[in-house]
1. Name the residue, out of 214, 169, 264, that is under 20 Å from the mean Cα position of the chain (by Cα) and crowded, with 20+ Cβ neighbours inside 10 Å.
2. Evaluate the following for residue 69: is it at pLDDT 90 or above, in contact with a helix residue (DSSP H, G or I) (Cβ under 6 Å, 6 or more places away or on another chain), surrounded by 19 or more Cβ atoms within 10 Å (Cβ to Cβ) and part of a helix (DSSP H, G or I)?
3. Listed residues 202, 152, 243; which is within 20 Å of residue 33 (Cβ to Cβ) and either modelled with pLDDT under 95 or out of contact with any strand residue (DSSP E or B) (no Cβ under 6 Å at 6 or more places or on another chain) (or both)?
4. Among 232, 193, 253, 209, which is the only one that is crowded, with 23+ Cβ neighbours inside 10 Å and either at pLDDT 95 or above or touching a strand residue (DSSP E or B) at 6+ places or on another chain (Cβ under 7 Å) (or both)?
5. Since residue 16 meets every condition but one in (1) modelled with pLDDT of 95 or more; (2) part of a helix (DSSP H, G or I); (3) buried (at least 19 other Cβ atoms within 10 Å of the Cβ), which condition does it not meet?
6. Return the total of residues in the range 177-207 being part of a helix (DSSP H, G or I) and within 23 Å of residue 145 (Cα to Cα).
7. Right, residue 272: under 20 Å from the mean Cα position of the chain (by Cα), surrounded by fewer than 22 Cβ atoms within 10 Å (Cβ to Cβ) and not in a loop (DSSP other than H, G, I, E, B) or not?
8. Of all the residues that make up the range 72-89, how many are part of a loop (DSSP other than H, G, I, E, B) and either at pLDDT below 90 or crowded, with 18+ Cβ neighbours inside 10 Å (or both)?
């Protein structure tokens with residue numbers, strides 16, 4: 001399997017970004033479903049549509065604006081993906097990885113990712129935030145790994161260690177920030193499925209059995225890419241719906257449910273990300 005993107009592709013994308021801004025970001029932030037408004041908190045921001053950046057694919061999922069935003073948060077230079085790419089849109093794992101590689105080459109050493117997720121853990125409620133401490137890569141176990149293919153030493157090593165994918169020190173800072181802001185959080189395990197179909201009750205029970213607390217259709221390919229590139233990682237999952245365990249449940253999970261709940265949760269996600277960036281970048 002040939003590698004889809006080369007260092008030259010990254011350089012071409014960087015050249016386009018540098019036509020608009022010379023910001024050297026320290027932090028990269030990925031905004032999940034319904035969370036694009038967080039980019040409004042960026043000072044001196046420059047917004048570049050994905051369509052104008054060579055080799056960067058368009059974001060087609062609802063609630064994903066599709067722009068790269070550069071500026072500062074609490075004085076910390078940042079680059080934000082205002083909308084992410086998903087495998088379920090038909091993008092390859094390499095295409096999903098590309099913007100993270102771009103963030104790293106622009107200068108970012110820390111990746112903060114947010115997402116909307118279904119609550120598998122029965123103790124979770126809609127509106128809770130989960131500080132991800134580990135993941136189970138269900139899609140990746142079937143071969144959808146963004147680092148699969150020809151070895152490319154300009155991106156990172158052949159094999160990527162993931163036993164400390166979610167930096168414990170950053171988790172502590174996130175938790176401290178949440179406590180100070182009086183935001184309810186859990187530490188939990190995120191399960192990545194390809195989507196776009198929601199899980200069946202049997203699949204939800206399976207995920208619960210193997211230790212998944214929250215399930216979603218994103219984030220893990222980006223985390224793997226970030227770790228492959230030498231970045232540290234912190235992830236916040238917003239519980240926008242509760243996964244259905246029972247076969248006879250009358251509740252039907254829909255995308256409308258997710259997008260209806262996301263805006264109400266956005267306020268706490270925004271507050272936590274702003275506090276966290278100030279704490280780690282100050």
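The values are calculated or read from the model by the stated rules, or taken from the named source; none is laboratory data. Please read these numbers as outputs of a predicted model, since none were measured by experiment. Using ideal geometry, Cβ is built from the backbone for each residue, glycine included, and neighbour counts are taken over all protein chains shown.
1. Only one candidate passes the filter, namely 214.
2. Judged against the criteria, residue 69 is not a match.
3. It is 243.
4. Criteria check complete, one pass: 193.
5. It is condition (3) that residue 16 fails.
6. Number satisfying all stated conditions: 4.
7. Spelling it out, it is not the case that residue 272 is under 20 Å from the mean Cα position of the chain (by Cα), surrounded by fewer than 22 Cβ atoms within 10 Å (Cβ to Cβ) and not in a loop (DSSP other than H, G, I, E, B).
8. 4
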